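Structure, as structure tokens:
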Amino acid sequence: MLSVIIPAYNEEQMIPRTASVIGGILNDAGIDHELLFINDGSKDATWSEIEKASRKYDDVRGVSFSRNFGKESAIFAGIAEAKGDCCVVIDCDLQHPPEKIVEMYRLWEQGYEIVEGVKTSRGRESGLHKFAAKSFYDIMSSSVGFDMSRASDFKLLDRKAMNVLLNMNEKNAFFRALSSWIGFKSCEVEYDVREREAGTSKWSTRALVKYALINITSFTSAPMQLVTILGIIVFIVGLATSVEALVRFIQGTAREGFTTVIILQCFTGSFIMIGLGIIGFYISKIYDEVKGRPKYIIDKTV
Ligand code: UDP
Ligand code: MG
């Protein structure tokens with residue numbers, strides 16, 4: 001059986017349509033399936049729409065969080081709740097073409113354990129958004145070790161891969177990168193990102209920046225090495241200036257020097273604080289992981 005995991009946050013307009021479209025396609029293809037909606041603490045009527053859909057269709061199940069925990073948590077809850085031999089994660093807004101699920105499922109039948117959906121285009125985005133997304137994926141790609149620029153959350157996972165992901169006790173799990181990091185026999189299916197049919201994107205710029213920072217730090221410690229490199233550079237510059245100052249002192253042409261002192265003070269002070277900030281960020285991540293709080297809290301199921 002195939003479990004289709006659909007995270008939904010404030011998607012009341014999309015639930016009935018998504019349920020009928022995906023259900024219809026899978027029925028036509030004769031694939032035994034369940035649709036698993038994860039209500040990520042929506043503030044609108046999403047949950048009652050899911051309940052309605054589950055009364056209407058036998059193949060629809062729903063899980064509701066006690067509050068908004070974010071898409072990553074919703075995906076992991078879906079993997080934990082899924083009963084299938086494999087699962088597909090797909091957005092609720094039908095931006096990921098649902099026909100591709102069938103193609104992915106056929107590849108799974110041929111023995112592939114992970115089928116990645118890769119974007120041929122990124123849909124409509126503003127210039128700044130494109131630039132920010134590109135920088136983020138460049139950093140992620142170099143820290144994970146493979147190209148992430150076209151990666152998405154739209155993918156099929158075999159039961160084996162699902163179990164591996166469930167056994168990771170990382171709190172800040174970045175699904176998109178982790179599912180490639182775990183390996184297994186994988187292949188790709190290309191798709192075009194479509195326009196959203198109803199509702200609006202759930203990501204504010206602030207949320208995206210936070211998401212990027214959290215995911216980068218959960219995969220690489222490069223920013224901390226940056227502090228060391230910065231320190232070495234400042235040390236070399238400091239050595240040169242010290243030698244110069246000493247020579248001038250001996251020659252009796254020492255500068256008045258107060259301006260230099262002020263400038264040096266300000267720069268070294270700010271470098272130290274930036275360094276502390278970066279280290280502090282990692283410590284807060286360690287703190288979060290050590291507390292061991294659950295990724296999500298389930299309120300009700302249907
Ligand atoms: N989503 C979620 N929790 C959140 C934000 C988003 O479950 O906190 C879901 C949302 O309902 C949708 C998917 O994640 O199914 C992708 O969200 P969206 O379409 O807003 O993102 P975009 O397509 O703009 O990247
Ligand atoms: Mg979307």
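No lab work stands behind these numbers, since they all come straight from the coordinates. Everything quoted here is computed from the prediction, not taken from an experiment. Ideal geometry is used to build each Cβ from the backbone, glycine not excepted, and the neighbour counts take in all protein chains shown.
Convex hull over the alpha-carbon atoms of segment 107-257: what's its volume per residue in Å³?
Values: hull volume 28.0 nm³, N = 151.
It is 185 Å³ per residue.
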By the Cα gyration tensor axes a ≥ b ≥ c (a/c under 1.5 gives rounded; else a/b larger than b/c gives prolate, otherwise oblate), the shape of segment 23-147 is oblate
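Can you tell me which of 104-111, 156-163 comes out highest on packing, and rank the rest after it, using the mean Cβ neighbours within 10 Å? Let's see the in-between values first.
Details: 104-111: 15.4, 156-163: 20.5.
Result, highest mean first: 156-163, 104-111.
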Classified through the alpha carbon gyration tensor (a ≥ b ≥ c as square roots of its eigenvalues; rounded if a/c is under 1.5, else prolate when a/b is larger than b/c, else oblate), the chain comes out prolate
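Can you flag which of Lys83/Lys171; Lys52/Lys160; Lys83/Lys300 are past 27 Å Cα-Cα? Intermediate results must be reported in sequence, preceding the final value.
Numbers: Lys83/Lys171 23 Å; Lys52/Lys160 32 Å; Lys83/Lys300 17 Å.
Over 27 Å apart, Cα to Cα: Lys52/Lys160.
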From the cross-link list Lys56/Lys202; Lys130/Lys295; Lys130/Lys210, the entries with a Cα-Cα span beyond 20 Å are Lys56/Lys202; Lys130/Lys295
Of 14-26, 54-66, ordering from highest average Cβ density within 10 Å down gives 14-26, 54-66
Straight-line reach check, Lys291, cutoff 18 Å on alpha carbons, 8 or more apart in-chain or any other chain, hits among aspartates and glutamates -> Glu170
Among beta bridges assigned by DSSP with both residues in the chain, the antiparallel ones amount in percent, to the nearest 5, to 30 percent
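Beta carbons within 10 angstrom, averaged per residue: use that to sort the peptides 185-191, 69-75, highest first.
Working: 185-191: 16.1, 69-75: 22.4.
Ranked from most to least packed, the peptides come out as 69-75, 185-191.
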Of the residues His96, Ala74, Tyr296, the Cα lying farthest along the dipole of the chain towards its positive end, which is defined by charges on the beta carbon of Lys, Arg, Asp and Glu, belongs to Tyr296
